[in-house]
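Notes for the one structure printed next.
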Amino acid sequence: MQFKRIFLLVLDSLGVGETTDAINFSDNGANTLGHIKEQYDLFIPNLKKIGFLDTLNMSDNSNVDAYYTIAKPINAGKDSLNGHYEMMGIKNNIPFKTFNSGFTYDILNSIENVTGRRVIGNKCCNDDSIINELGERQMNYGSLIIYTSADSDLQVAAHEDCIPIPTLYQYCEKIRAITLKDDWRVGRVIARPFTGVPGKFKFINSARRDYAVKPPKKSVLDSLIENSYNVIGIGKINVIFDGQGINKCIKATNNAEVVNKLLDIMDKNFTGLCIANLSDFDGLYGHQRDVVGYGRAIEELDVDMPMILNKLELDDLLIITADHGNDPTFKGNDHTRENVPVIIYSRNFKTPGRMQPFETFANIGATIADNFNVDAPEIGISILDDLK
(Lines give C-alpha, C1' and ligand atoms only; values in the text may rest on other atoms or scores of the structure.)
Protein backbone atom coordinates (compact mmCIF):
# COMPACT_ATOMS: atom_id res chain seq x y z
CA MET A 1 0.00 0.00 0.00
CA GLN A 2 1.59 3.24 -1.18
CA PHE A 3 -1.05 5.56 0.32
CA LYS A 4 -3.01 4.94 3.52
CA ARG A 5 -5.75 7.44 2.69
CA ILE A 6 -6.95 8.62 -0.71
CA PHE A 7 -9.18 11.68 -1.03
CA LEU A 8 -11.12 12.04 -4.28
CA LEU A 9 -12.64 15.49 -4.82
CA VAL A 10 -15.15 15.64 -7.67
CA LEU A 11 -15.82 19.13 -9.06
CA ASP A 12 -19.27 18.40 -10.41
CA SER A 13 -19.47 19.47 -14.09
CA LEU A 14 -16.09 21.25 -14.34
CA GLY A 15 -15.08 19.97 -17.77
CA VAL A 16 -12.05 21.19 -19.73
CA GLY A 17 -13.07 20.87 -23.36
CA GLU A 18 -15.09 18.88 -25.89
CA THR A 19 -14.50 15.17 -26.34
CA THR A 20 -13.80 13.51 -29.66
CA ASP A 21 -17.41 12.28 -29.68
CA ALA A 22 -18.95 15.60 -28.55
CA ILE A 23 -20.59 16.06 -31.94
CA ASN A 24 -22.73 12.99 -31.21
CA PHE A 25 -24.18 14.90 -28.26
CA SER A 26 -24.43 18.21 -30.16
CA ASP A 27 -21.79 19.52 -27.74
CA ASN A 28 -18.97 20.33 -30.14
CA GLY A 29 -17.31 23.54 -28.97
CA ALA A 30 -18.16 23.12 -25.28
CA ASN A 31 -15.46 23.97 -22.74
CA THR A 32 -16.65 24.71 -19.22
CA LEU A 33 -13.41 25.92 -17.63
CA GLY A 34 -12.06 27.46 -20.83
CA HIS A 35 -15.10 29.60 -21.52
CA ILE A 36 -15.41 30.68 -17.90
CA LYS A 37 -11.76 31.77 -18.04
CA GLU A 38 -12.45 33.73 -21.24
CA GLN A 39 -15.40 35.63 -19.76
CA TYR A 40 -14.39 35.90 -16.11
CA ASP A 41 -11.05 37.04 -14.75
CA LEU A 42 -10.26 33.99 -12.65
CA PHE A 43 -7.84 34.50 -9.78
CA ILE A 44 -6.90 31.00 -8.67
CA PRO A 45 -3.18 30.96 -7.75
CA ASN A 46 -3.45 27.82 -5.61
CA LEU A 47 -5.23 25.75 -8.25
CA LYS A 48 -2.87 27.10 -10.86
CA LYS A 49 0.09 25.87 -8.80
CA ILE A 50 -1.18 22.28 -9.01
CA GLY A 51 -1.67 22.37 -12.79
CA PHE A 52 -5.40 23.03 -12.94
CA LEU A 53 -5.26 25.58 -15.76
CA ASP A 54 -2.67 23.52 -17.66
CA THR A 55 -5.35 20.88 -18.27
CA LEU A 56 -7.03 23.26 -20.74
CA ASN A 57 -4.38 22.81 -23.42
CA MET A 58 -2.19 20.17 -21.77
CA SER A 59 0.80 22.50 -21.87
CA ASP A 60 4.01 21.14 -20.41
CA ASN A 61 4.64 22.86 -17.09
CA SER A 62 7.33 21.51 -14.78
CA ASN A 63 6.78 24.28 -12.24
CA VAL A 64 3.80 22.59 -10.59
CA ASP A 65 3.30 20.70 -7.34
CA ALA A 66 1.06 17.94 -8.72
CA TYR A 67 0.64 15.58 -11.64
CA TYR A 68 -2.01 16.81 -14.06
CA THR A 69 -3.78 15.45 -17.12
CA ILE A 70 -7.23 15.04 -18.63
CA ALA A 71 -9.53 12.01 -18.77
CA LYS A 72 -11.90 11.10 -21.60
CA PRO A 73 -15.35 9.65 -20.92
CA ILE A 74 -16.34 6.34 -22.52
CA ASN A 75 -19.69 5.71 -20.84
CA ALA A 76 -22.77 6.39 -22.92
CA GLY A 77 -24.19 9.25 -20.87
CA LYS A 78 -22.98 12.67 -19.80
CA ASP A 79 -24.71 12.61 -16.42
CA SER A 80 -23.38 12.39 -12.87
CA LEU A 81 -24.26 8.72 -12.44
CA ASN A 82 -22.44 7.62 -15.57
CA GLY A 83 -19.47 9.84 -14.78
CA HIS A 84 -19.07 8.51 -11.24
CA TYR A 85 -19.76 4.94 -12.36
CA GLU A 86 -16.97 5.16 -14.92
CA MET A 87 -14.66 6.76 -12.38
CA MET A 88 -15.12 3.70 -10.17
CA GLY A 89 -14.59 1.21 -12.97
CA ILE A 90 -18.11 0.53 -14.24
CA LYS A 91 -18.70 0.45 -17.99
CA ASN A 92 -22.29 1.45 -18.71
CA ASN A 93 -23.59 1.50 -22.27
CA ILE A 94 -27.10 2.77 -21.53
CA PRO A 95 -27.44 6.51 -20.83
CA PHE A 96 -29.94 7.83 -18.34
CA LYS A 97 -32.68 9.94 -19.90
CA THR A 98 -33.02 13.70 -19.58
CA PHE A 99 -36.26 15.59 -20.17
CA ASN A 100 -35.25 19.23 -20.57
CA SER A 101 -38.38 20.01 -22.57
CA GLY A 102 -40.66 18.29 -20.08
CA PHE A 103 -41.74 14.74 -19.39
CA THR A 104 -43.83 12.87 -21.93
CA TYR A 105 -47.59 12.43 -21.64
CA ASP A 106 -47.13 8.71 -20.94
CA ILE A 107 -44.90 9.42 -17.95
CA LEU A 108 -47.19 12.10 -16.54
CA ASN A 109 -50.28 9.95 -17.05
CA SER A 110 -48.60 7.03 -15.29
CA ILE A 111 -47.65 9.26 -12.35
CA GLU A 112 -51.26 10.39 -12.02
CA ASN A 113 -52.44 6.78 -12.17
CA VAL A 114 -50.08 5.43 -9.50
CA THR A 115 -50.50 8.39 -7.11
CA GLY A 116 -54.11 9.36 -7.72
CA ARG A 117 -52.94 12.99 -7.84
CA ARG A 118 -53.12 15.60 -10.57
CA VAL A 119 -49.74 16.66 -12.02
CA ILE A 120 -48.75 20.28 -12.63
CA GLY A 121 -45.50 21.98 -13.63
CA ASN A 122 -43.63 19.69 -16.02
CA LYS A 123 -40.79 22.09 -16.69
CA CYS A 124 -37.07 22.59 -16.09
CA CYS A 125 -36.07 24.48 -12.93
CA ASN A 126 -32.96 24.63 -10.75
CA ASP A 127 -34.12 26.77 -7.84
CA ASP A 128 -37.16 27.41 -5.63
CA SER A 129 -38.93 29.61 -8.19
CA ILE A 130 -41.14 26.71 -9.22
CA ILE A 131 -42.75 26.38 -5.78
CA ASN A 132 -43.33 30.12 -5.57
CA GLU A 133 -44.92 29.97 -9.02
CA LEU A 134 -47.03 26.85 -8.48
CA GLY A 135 -47.10 26.29 -4.70
CA GLU A 136 -50.47 27.93 -4.10
CA ARG A 137 -52.07 26.02 -6.98
CA GLN A 138 -50.55 22.81 -5.65
CA MET A 139 -52.19 23.41 -2.28
CA ASN A 140 -55.53 24.35 -3.81
CA TYR A 141 -55.78 21.23 -5.95
CA GLY A 142 -53.75 18.78 -3.86
CA SER A 143 -51.62 18.15 -6.92
CA LEU A 144 -47.97 17.19 -7.39
CA ILE A 145 -45.46 19.63 -8.88
CA ILE A 146 -43.33 17.64 -11.31
CA TYR A 147 -40.13 19.13 -12.71
CA THR A 148 -36.51 18.40 -13.62
CA SER A 149 -33.21 20.16 -13.06
CA ALA A 150 -32.00 19.27 -16.60
CA ASP A 151 -30.01 16.45 -15.06
CA SER A 152 -31.39 12.92 -15.26
CA ASP A 153 -33.90 13.49 -12.50
CA LEU A 154 -37.63 13.77 -11.83
CA GLN A 155 -38.43 15.97 -8.85
CA VAL A 156 -41.73 15.89 -6.98
CA ALA A 157 -42.72 18.87 -4.82
CA ALA A 158 -45.67 19.24 -2.45
CA HIS A 159 -46.50 21.39 0.58
CA GLU A 160 -46.19 19.44 3.83
CA ASP A 161 -49.61 20.68 5.04
CA CYS A 162 -51.30 19.44 1.88
CA ILE A 163 -49.46 16.16 1.35
CA PRO A 164 -47.69 14.82 4.47
CA ILE A 165 -44.02 14.13 3.93
CA PRO A 166 -44.31 10.33 4.50
CA THR A 167 -47.04 10.25 1.85
CA LEU A 168 -44.85 12.19 -0.58
CA TYR A 169 -42.12 9.61 0.00
CA GLN A 170 -44.58 6.82 -0.82
CA TYR A 171 -45.54 8.55 -4.06
CA CYS A 172 -41.87 8.91 -5.01
CA GLU A 173 -41.26 5.22 -4.37
CA LYS A 174 -44.07 4.40 -6.79
CA ILE A 175 -42.75 6.88 -9.35
CA ARG A 176 -39.26 5.40 -8.96
CA ALA A 177 -40.63 1.98 -9.83
CA ILE A 178 -42.35 3.10 -13.05
CA THR A 179 -39.40 5.23 -14.24
CA LEU A 180 -37.07 2.24 -14.35
CA LYS A 181 -38.47 1.35 -17.76
CA ASP A 182 -35.83 1.67 -20.49
CA ASP A 183 -37.73 4.41 -22.34
CA TRP A 184 -38.15 6.46 -19.14
CA ARG A 185 -34.83 5.60 -17.50
CA VAL A 186 -34.40 8.50 -15.04
CA GLY A 187 -31.32 8.49 -12.82
CA ARG A 188 -33.02 9.89 -9.71
CA VAL A 189 -36.52 10.58 -8.42
CA ILE A 190 -36.36 13.29 -5.76
CA ALA A 191 -38.94 14.13 -3.10
CA ARG A 192 -38.97 17.89 -2.45
CA PRO A 193 -41.40 18.81 0.37
CA PHE A 194 -41.84 22.52 1.02
CA THR A 195 -43.41 24.75 3.62
CA GLY A 196 -44.45 28.39 4.10
CA VAL A 197 -47.18 30.62 2.73
CA PRO A 198 -47.80 32.03 -0.77
CA GLY A 199 -44.93 34.28 -1.77
CA LYS A 200 -42.72 32.81 0.96
CA PHE A 201 -42.57 29.12 0.17
CA LYS A 202 -39.28 27.33 0.83
CA PHE A 203 -38.01 23.81 0.40
CA ILE A 204 -37.48 21.68 3.51
CA ASN A 205 -33.98 20.62 2.53
CA SER A 206 -33.56 18.37 5.55
CA ALA A 207 -36.53 16.31 4.34
CA ARG A 208 -35.36 15.97 0.74
CA ARG A 209 -35.07 12.33 -0.24
CA ASP A 210 -33.42 10.94 -3.37
CA TYR A 211 -34.40 7.64 -4.94
CA ALA A 212 -31.56 6.61 -7.24
CA VAL A 213 -30.68 3.28 -8.81
CA LYS A 214 -28.14 0.71 -7.76
CA PRO A 215 -24.99 0.67 -9.89
CA PRO A 216 -25.38 -1.95 -12.63
CA LYS A 217 -22.13 -3.74 -11.76
CA LYS A 218 -19.54 -4.14 -9.02
CA SER A 219 -17.38 -1.06 -8.52
CA VAL A 220 -14.04 -0.31 -6.89
CA LEU A 221 -16.05 0.88 -3.87
CA ASP A 222 -17.50 -2.61 -3.43
CA SER A 223 -14.04 -4.15 -3.65
CA LEU A 224 -12.75 -1.80 -0.94
CA ILE A 225 -15.66 -2.66 1.36
CA GLU A 226 -15.13 -6.39 0.77
CA ASN A 227 -11.54 -5.95 1.97
CA SER A 228 -12.55 -4.03 5.11
CA TYR A 229 -11.37 -0.60 3.99
CA ASN A 230 -13.23 2.57 4.84
CA VAL A 231 -15.24 4.18 2.04
CA ILE A 232 -16.56 7.60 3.06
CA GLY A 233 -18.97 9.56 0.87
CA ILE A 234 -19.51 13.30 1.38
CA GLY A 235 -22.32 15.24 -0.29
CA LYS A 236 -24.34 13.48 -2.98
CA ILE A 237 -21.93 10.54 -3.35
CA ASN A 238 -24.19 8.27 -1.31
CA VAL A 239 -27.15 9.17 -3.53
CA ILE A 240 -25.20 8.57 -6.76
CA PHE A 241 -24.26 5.04 -5.71
CA ASP A 242 -27.52 4.50 -3.81
CA GLY A 243 -25.45 3.60 -0.74
CA GLN A 244 -23.71 0.75 -2.58
CA GLY A 245 -20.05 0.38 -1.58
CA ILE A 246 -20.13 3.13 1.04
CA ASN A 247 -19.86 2.47 4.77
CA LYS A 248 -19.98 6.05 6.01
CA CYS A 249 -22.27 8.71 4.55
CA ILE A 250 -21.82 12.37 5.48
CA LYS A 251 -24.55 14.74 4.38
CA ALA A 252 -23.69 18.16 2.97
CA THR A 253 -25.91 20.36 0.82
CA ASN A 254 -23.50 22.88 -0.70
CA ASN A 255 -19.84 23.34 -1.58
CA ALA A 256 -18.96 25.09 1.69
CA GLU A 257 -20.46 22.28 3.76
CA VAL A 258 -18.72 19.64 1.68
CA VAL A 259 -15.32 21.29 2.15
CA ASN A 260 -15.91 21.71 5.89
CA LYS A 261 -16.92 18.04 6.26
CA LEU A 262 -13.92 17.00 4.18
CA LEU A 263 -11.57 18.97 6.42
CA ASP A 264 -13.13 17.29 9.46
CA ILE A 265 -12.62 13.82 7.96
CA MET A 266 -9.02 14.64 7.15
CA ASP A 267 -8.41 14.94 10.89
CA LYS A 268 -9.59 11.33 11.41
CA ASN A 269 -7.43 8.25 11.43
CA PHE A 270 -8.71 5.79 8.82
CA THR A 271 -7.48 3.62 6.00
CA GLY A 272 -9.29 3.78 2.70
CA LEU A 273 -11.06 6.20 0.40
CA CYS A 274 -13.00 9.40 0.96
CA ILE A 275 -15.01 10.80 -1.98
CA ALA A 276 -16.56 14.27 -1.89
CA ASN A 277 -18.71 15.92 -4.56
CA LEU A 278 -18.91 19.71 -4.96
CA SER A 279 -22.36 19.91 -6.56
CA ASP A 280 -22.87 23.70 -6.59
CA PHE A 281 -20.76 24.03 -9.74
CA ASP A 282 -23.35 21.99 -11.61
CA GLY A 283 -26.68 22.70 -9.92
CA LEU A 284 -26.32 26.38 -9.10
CA TYR A 285 -24.15 27.66 -11.93
CA GLY A 286 -23.78 25.24 -14.85
CA HIS A 287 -27.47 24.51 -15.38
CA GLN A 288 -28.32 28.14 -14.63
CA ARG A 289 -25.79 29.32 -17.24
CA ASP A 290 -24.29 31.63 -14.61
CA VAL A 291 -20.70 32.32 -15.72
CA VAL A 292 -19.96 34.81 -12.94
CA GLY A 293 -21.35 32.54 -10.22
CA TYR A 294 -19.38 29.59 -11.58
CA GLY A 295 -16.19 31.66 -11.69
CA ARG A 296 -16.64 32.86 -8.13
CA ALA A 297 -17.27 29.30 -6.95
CA ILE A 298 -13.97 28.19 -8.51
CA GLU A 299 -12.24 31.08 -6.73
CA GLU A 300 -13.85 30.01 -3.43
CA LEU A 301 -12.42 26.53 -3.92
CA ASP A 302 -9.03 28.09 -4.60
CA VAL A 303 -9.18 29.85 -1.21
CA ASP A 304 -9.90 26.47 0.44
CA MET A 305 -7.11 24.59 -1.32
CA PRO A 306 -4.26 25.51 1.10
CA MET A 307 -6.31 24.17 4.03
CA ILE A 308 -6.99 20.93 2.16
CA LEU A 309 -3.38 20.46 1.07
CA ASN A 310 -1.99 21.29 4.52
CA LYS A 311 -4.11 18.60 6.16
CA LEU A 312 -2.68 15.84 3.96
CA GLU A 313 -0.33 13.43 5.70
CA LEU A 314 2.84 12.18 4.01
CA ASP A 315 1.11 8.92 3.07
CA ASP A 316 -2.08 10.58 1.76
CA LEU A 317 -3.08 11.07 -1.88
CA LEU A 318 -5.44 13.74 -3.23
CA ILE A 319 -7.13 13.37 -6.62
CA ILE A 320 -9.21 16.23 -8.05
CA THR A 321 -11.42 15.58 -11.08
CA ALA A 322 -14.92 16.06 -12.52
CA ASP A 323 -17.74 13.82 -13.75
CA HIS A 324 -18.84 15.64 -16.94
CA GLY A 325 -19.08 19.19 -18.29
CA ASN A 326 -21.75 21.88 -17.99
CA ASP A 327 -20.54 24.88 -19.97
CA PRO A 328 -22.35 27.98 -18.64
CA THR A 329 -21.83 29.76 -21.96
CA PHE A 330 -23.38 26.95 -24.00
CA LYS A 331 -26.83 26.67 -25.56
CA GLY A 332 -29.63 25.17 -23.49
CA ASN A 333 -29.09 24.12 -19.89
CA ASP A 334 -27.99 20.51 -20.21
CA HIS A 335 -24.65 18.90 -19.37
CA THR A 336 -21.95 19.01 -22.02
CA ARG A 337 -19.83 16.13 -23.26
CA GLU A 338 -16.32 17.08 -22.16
CA ASN A 339 -13.01 15.74 -20.99
CA VAL A 340 -12.35 16.31 -17.31
CA PRO A 341 -9.26 17.51 -15.42
CA VAL A 342 -7.29 15.09 -13.27
CA ILE A 343 -4.98 16.53 -10.62
CA ILE A 344 -2.99 14.10 -8.44
CA TYR A 345 -1.17 15.48 -5.42
CA SER A 346 0.99 14.08 -2.65
CA ARG A 347 3.45 15.83 -0.40
CA ASN A 348 5.97 13.11 -1.28
CA PHE A 349 6.05 13.61 -5.05
CA LYS A 350 9.52 14.39 -6.37
CA THR A 351 8.83 14.89 -10.10
CA PRO A 352 5.25 16.09 -10.60
CA GLY A 353 4.17 17.40 -14.00
CA ARG A 354 2.12 16.54 -17.06
CA MET A 355 0.90 12.98 -17.59
CA GLN A 356 -0.47 11.41 -20.74
CA PRO A 357 -4.25 11.79 -21.13
CA PHE A 358 -6.37 9.01 -19.64
CA GLU A 359 -8.45 7.13 -22.20
CA THR A 360 -11.17 6.68 -19.56
CA PHE A 361 -12.18 8.12 -16.19
CA ALA A 362 -11.74 4.55 -14.92
CA ASN A 363 -7.96 4.99 -14.63
CA ILE A 364 -8.78 6.79 -11.38
CA GLY A 365 -10.62 3.80 -9.93
CA ALA A 366 -8.01 1.38 -11.25
CA THR A 367 -5.27 3.36 -9.50
CA ILE A 368 -7.22 3.38 -6.23
CA ALA A 369 -7.81 -0.37 -6.48
CA ASP A 370 -4.13 -0.98 -7.21
CA ASN A 371 -3.06 1.09 -4.22
CA PHE A 372 -5.19 -0.96 -1.82
CA ASN A 373 -4.46 -4.25 -3.60
CA VAL A 374 -8.12 -5.09 -4.28
CA ASP A 375 -9.76 -6.46 -7.43
CA ALA A 376 -9.04 -4.38 -10.50
CA PRO A 377 -12.16 -2.96 -12.21
CA GLU A 378 -13.31 -4.20 -15.61
CA ILE A 379 -12.07 -0.99 -17.25
CA GLY A 380 -9.24 1.40 -16.53
CA ILE A 381 -5.46 1.19 -16.18
CA SER A 382 -3.63 1.96 -12.94
CA ILE A 383 -1.00 4.68 -13.07
CA LEU A 384 0.14 4.09 -9.48
CA ASP A 385 3.67 3.13 -10.51
CA ASP A 386 4.03 6.45 -12.36
CA LEU A 387 3.45 8.49 -9.21
CA LYS A 388 6.91 9.27 -7.90
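Confirm whether V186 is in a loop (DSSP other than H, G, I, E, B), without any contact (Cβ under 8 Å) to a residue 24 or more places away in the chain and on the phi < 0 side of the Ramachandran plot.
The answer is no for V186.
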Test: residue in segment 113-133 that is crowded, with 20+ Cβ neighbours inside 10 Å, outside the structural domain of T253 (by TED's automatic domain parsing), on the phi > 0 side of the Ramachandran plot and in contact with a His (Cβ under 7 Å, 6 or more places away or on another chain): no
Of the criteria (1) modelled with pLDDT under 95; (2) crowded, with 20+ Cβ neighbours inside 10 Å, which one T321 fails: (1)
Residue satisfying condition, being more than 18 Å from M87 (Cα to Cα) and among the aromatic types (F, W, Y), within set F361, F372, F330: F330
Scope segment 61-116; condition of a type in the set (F, W, Y) and in a strand (DSSP E or B); matching residues: Y67, Y68
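Kindly indicate which of D290, D304, D334, D280 is touching a helix residue (DSSP H, G or I) at 6+ places or on another chain (Cβ under 8 Å) and either closer than 23 Å to K72 by Cα or buried (at least 23 other Cβ atoms within 10 Å of the Cβ) (or both). Write out each step before concluding.
Working: D290 fails: either closer than 23 Å to K72 by Cα or buried (at least 23 other Cβ atoms within 10 Å of the Cβ) (or both); D304 fails: either closer than 23 Å to K72 by Cα or buried (at least 23 other Cβ atoms within 10 Å of the Cβ) (or both); D334 fails: touching a helix residue (DSSP H, G or I) at 6+ places or on another chain (Cβ under 8 Å).
On inspection, the qualifying residue turns out to be D280.
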Which listed residue, of I250, I275, is free of Cβ contacts under 8 Å to residues at least 40 places away in the same chain, buried (at least 16 other Cβ atoms within 10 Å of the Cβ), assigned by TED's automatic domain parsing to the domain that holds I298 and under 21 Å from F372 (Cβ atoms): I250
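For L224, indicate whether it is surrounded by 14 or more Cβ atoms within 10 Å (Cβ to Cβ), outside the structural domain of S110 (by TED's automatic domain parsing), outside any loop (DSSP other than H, G, I, E, B) and not charged (D, E, K, R). Give the steps one after another, and end with the answer.
Working: surrounded by 14 or more Cβ atoms within 10 Å (Cβ to Cβ): yes; outside the structural domain of S110 (by TED's automatic domain parsing): yes; outside any loop (DSSP other than H, G, I, E, B): yes; not charged (D, E, K, R): yes.
Yes.
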Given (1) out of contact with any strand residue (DSSP E or B) (no Cβ under 7 Å at 6 or more places or on another chain); (2) polar (S, T, N, Q); (3) more than 29 Å from Q2 (Cα to Cα), index of the condition N326 fails: (1)
Residue match in segment 239-246 (condition: charged (D, E, K, R), modelled with pLDDT of 95 or more, surrounded by fewer than 22 Cβ atoms within 10 Å (Cβ to Cβ) and not assigned by TED's automatic domain parsing to the domain that holds N126): no
Selection count where residues are part of a loop (DSSP other than H, G, I, E, B), closer than 14 Å to H35 by Cα and touching a residue at least 60 places away in the same chain (Cβ under 8 Å), scope segment 288-338: 5
Subset of segment 53-93 that is of a type in the set (D, E) and crowded, with 18+ Cβ neighbours inside 10 Å - its residue that is farthest from G325 (Cα to Cα): D54
Options T360, T367; residue that is crowded, with 17+ Cβ neighbours inside 10 Å and assigned to a loop (DSSP other than H, G, I, E, B): T360
Some residue of segment 65-85 being in contact (Cβ under 8 Å) with a residue 24 or more places away in the chain and farther than 19 Å from E359 by Cα: yes
Near pairs, Cβ below 7 angstrom, 6+ apart or cross-chain, from segment 1-29 (outside the structural domain of D316 (by TED's automatic domain parsing)) to any residue that is part of a strand (DSSP E or B) and at pLDDT below 95: none
Test set (1) in contact with a strand residue (DSSP E or B) (Cβ under 8 Å, 6 or more places away or on another chain); (2) in a loop (DSSP other than H, G, I, E, B); (3) not acidic (D, E) - I120 fails condition number: (2)
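The values are calculated or read from the model by the stated rules, or taken from the named source; none is laboratory data. All of these numbers come straight from a predicted model, not from anything done at the bench. Using ideal geometry, Cβ is built from the backbone for each residue, glycine included, and neighbour counts are taken over all protein chains shown.
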